[in-house]
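Colleague: Can you read through this structure? Questions will come right after.
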Amino acid sequence: AELERTFIAIKPDGVQRGLIAEIVSRFERKGFKLVAIKIVVPSKEFAQKHYHDLKERPFFNGLCDFLSSGPVVAMVWEGEGVIKYGRKLIGATDPQKSEPGTIRGDLAVVVDRNIIHGSDAPKTAKDEIALWFSHGELVSYTSNAEKWMYG
Ligand code: DAT
Ligand code: MG
């Protein structure tokens, strides 16, 4: 299996609504491997770094206030195609447009409370993992299920 990794975060609304286990389980059951996890309250400055690509958007300030408003569950998931497929599990940005069966489609209603973040490309995955985690927080291990999943 290829060592592709993506950054996934359960935002404060997902944590407060008790959706941590539900969200983790969707990635876990699919067959992706959890290699880092922690719960943190990001500062507003940190949120601005995380969302720096969106700083010109009208919702940027509210978005950064929201991300820093409470605990976030930050994770790194590993597996073949995990960046693109993670986005598929998450669903479209606006939960009004996310398909049923996706995390946002099943569990969220409005765009500014869409419960989860996932990296959108290899470059952002790399940058976001480096922003949220130090190298030592990432755990490399062999899962015994891998030989059954990847053949
Ligand atoms: P995604 O989280 O699907 O990668 P994005 O990177 O375009 O979407 O935007 C980041 C977050 O910003 C998104 O999860 C929710 C918020 N957001 C996006 N568009 C918005 C809008 N039109 N109004 C309010 N918040 C918005
Ligand atoms: Mg994005």
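The values are calculated or read from the model by the stated rules, or taken from the named source; none is laboratory data. Only a predicted model underlies this, so the values are computations on that prediction, with no experimental measurement involved. Here the Cβ is made from the backbone with ideal geometry for all residues, glycine too, and neighbour counts use every protein chain on show. We work out accessible area using only protein heavy atoms, side chains counted, and drop any ligands, DNA or RNA first. Shrake-Rupley method; radii C 1.70, N 1.55, O 1.52, S 1.80 Å.
Colleague: Within the stretch 7-20, work out how many residues are crowded, with 19+ Cβ neighbours inside 10 Å and either touching a Leu at 6+ places or on another chain (Cβ under 6 Å) or part of a loop (DSSP other than H, G, I, E, B) (or both).
Modeller: The qualifying residues number 2.
Colleague: Is there any pair with a first residue in the stretch 47-64 that is among the charged types (D, E, K, R) and a second that is within 10 Å of ligand 2 (Cβ to nearest atom) whose Cβ atoms are under 9 Å apart and which are 6 or more apart or on different chains, and what are they?
Modeller: Pairs found: 53/124; 57/51.
Colleague: Also, I was wondering about something else. Among the residues of the stretch 1-20, count how many are within 23 Å of residue 147 (Cβ to Cβ) and modelled with pLDDT of 95 or more.
Modeller: Residues meeting the conditions: 3.
Colleague: Could you grab me the full set of residues in the stretch 68-89 that are of a type outside the set (A, V, I, L, M, F, W, C) and farther than 14 Å from residue 137 by Cβ?
Modeller: Those that are of a type outside the set (A, V, I, L, M, F, W, C) and farther than 14 Å from residue 137 by Cβ: 68, 69, 70, 71, 79, 80, 81, 84, 85, 86, 87, 88.
Colleague: If you check 145, 108, which single one turns out to be within 14 Å of ligand 1 (Cβ to nearest atom) and of a type in the set (A, V, I, L, M)?
Modeller: Going through 145, 108 in turn, just one is within 14 Å of ligand 1 (Cβ to nearest atom) and of a type in the set (A, V, I, L, M): 108.
Colleague: Can I ask one more? Filter the helices (runs of 4 or more DSSP H) completely within the stretch 21-135 down to those with at least 1 residues that are open to solvent by 30 Å² or more (accessible area, probe 1.4 Å), over 28 Å from residue 147 (Cα atoms) and away from ligand 2 (no atom under 16 Å from the Cβ).
Modeller: Qualifying helices (runs of 4 or more DSSP H): 44-50, 60-67, 103-107, 122-132.
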